[in-house]
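Note sheet for the following structure.
The values are calculated or read from the model by the stated rules, or taken from the named source; none is laboratory data. Note that the structure is predicted; figures quoted are calculated from it, not measured. Because the Cβ atoms are built from the backbone with ideal geometry, glycine has one as well, and the counts that use them run over all protein chains shown.
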Amino acid sequence: MDIEAGPRPAVEWLTEIGVAQGWTSGKEEAREWAERIEQRFLEALRQELNELTKLGRFAPFAFNSSSDYMLQGCAFAEPNDLDEVKEAKARRARFSEYGQALQQLSATDFEALCVGILALVGVDSPRLTPTSGDEGIDFYGRFPLEDRVFPQDIYPTIQKQLAVWMIGQAKRYQATRVSTPDIRELVGSIELARSGAYGDGPEKYGDLELRACDPVFYLFFTTGRLSANSWRLLRRSGVVAMDGQMVASFLADREIGVVSGEFDGAKFKQWVGKYQT
């Protein structure tokens, strides 16, 4: 579904699917089949949408706000949408351009982009690890909470000690679906780093000084897709992940590389380049 597609009855979408997949002998039979399974189809989509939104995953479709049997693209602006909602949908509508731009990046470029994401969420001086012998860690930084916990205090106390490490791995894939070993590799790499067990010595990470009780967000970012088993492992383990669709959505929402309302590939690459050293 085009993410800007207008609302249409679920039966019509189902009929097209039935014809396109060759599940019926023609459009008339496909329509009858669609009418029989419409309610099961809608319920399955509601469950799917609920699962996707739990982790902020991308969903190309949405239910029309006034007719729950009508399906539309997630970026379709309804007449009664508030202005800020329409603006958010307009930003999200550039999703596909970001997806294409991600696939044109090299593995090193994508690692730099992940550093840029840390900068966008407020990490202090996010770092890119050396490209060779990174021992499973590609980027990291410290997310301070001092300015977010009682920032009005003239004499700070506990907030001086509050900060969270964000440590991650970047995997650039195209058609490959990421599996659980990739995620387990990240977890093992961070646990080894916490104990100071490096093959080449800890000096390569500079200011990455993990103490025994330091809180850490484990980050796994990829341009590819994550398998169903991977998503289950992520939810149960607490590893924070973004697949290619989520990364594209995140960047689109923040209009990275947008100039005069249009996505500019050169400006996007220039933004990525800022984080390559």
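Tally up the residues in the range 203-221 that are modelled with pLDDT of 95 or more and in contact with a helix residue (DSSP H, G or I) (Cβ under 9 Å, 6 or more places away or on another chain), please.
5
Determine which single condition GLY122 fails, assuming it passes every other condition in (1) exposed (fewer than 15 other Cβ atoms within 10 Å of the Cβ); (2) at pLDDT 90 or above; (3) at negative phi.
(3)
GLY136: assigned to a loop (DSSP other than H, G, I, E, B) and small (Gly, Ala, Ser), yes or no?
Taking the combined requirement at face value, the residue satisfies it.
So which of ILE3, ILE17 ends up being of a type in the set (Val, Ile, Thr), out of contact with any strand residue (DSSP E or B) (no Cβ under 7 Å at 6 or more places or on another chain) and within 29 Å of ALA90 (Cβ to Cβ)?
ILE17
Considering only the range 160-170, I want to know if a residue exists there that is in a helix (DSSP H, G or I), at pLDDT 90 or above and out of contact with any Gly (no Cβ under 6 Å at 6 or more places or on another chain).
Taking every residue of the range 160-170 in turn, at least one turns out to be in a helix (DSSP H, G or I), at pLDDT 90 or above and out of contact with any Gly (no Cβ under 6 Å at 6 or more places or on another chain).
Could you please give the count of residues in the range 1-36 that are in a helix (DSSP H, G or I) and either within 29 Å of GLU97 (Cβ to Cβ) or touching a Leu at 6+ places or on another chain (Cβ under 7 Å) (or both)?
Number satisfying all stated conditions: 8.
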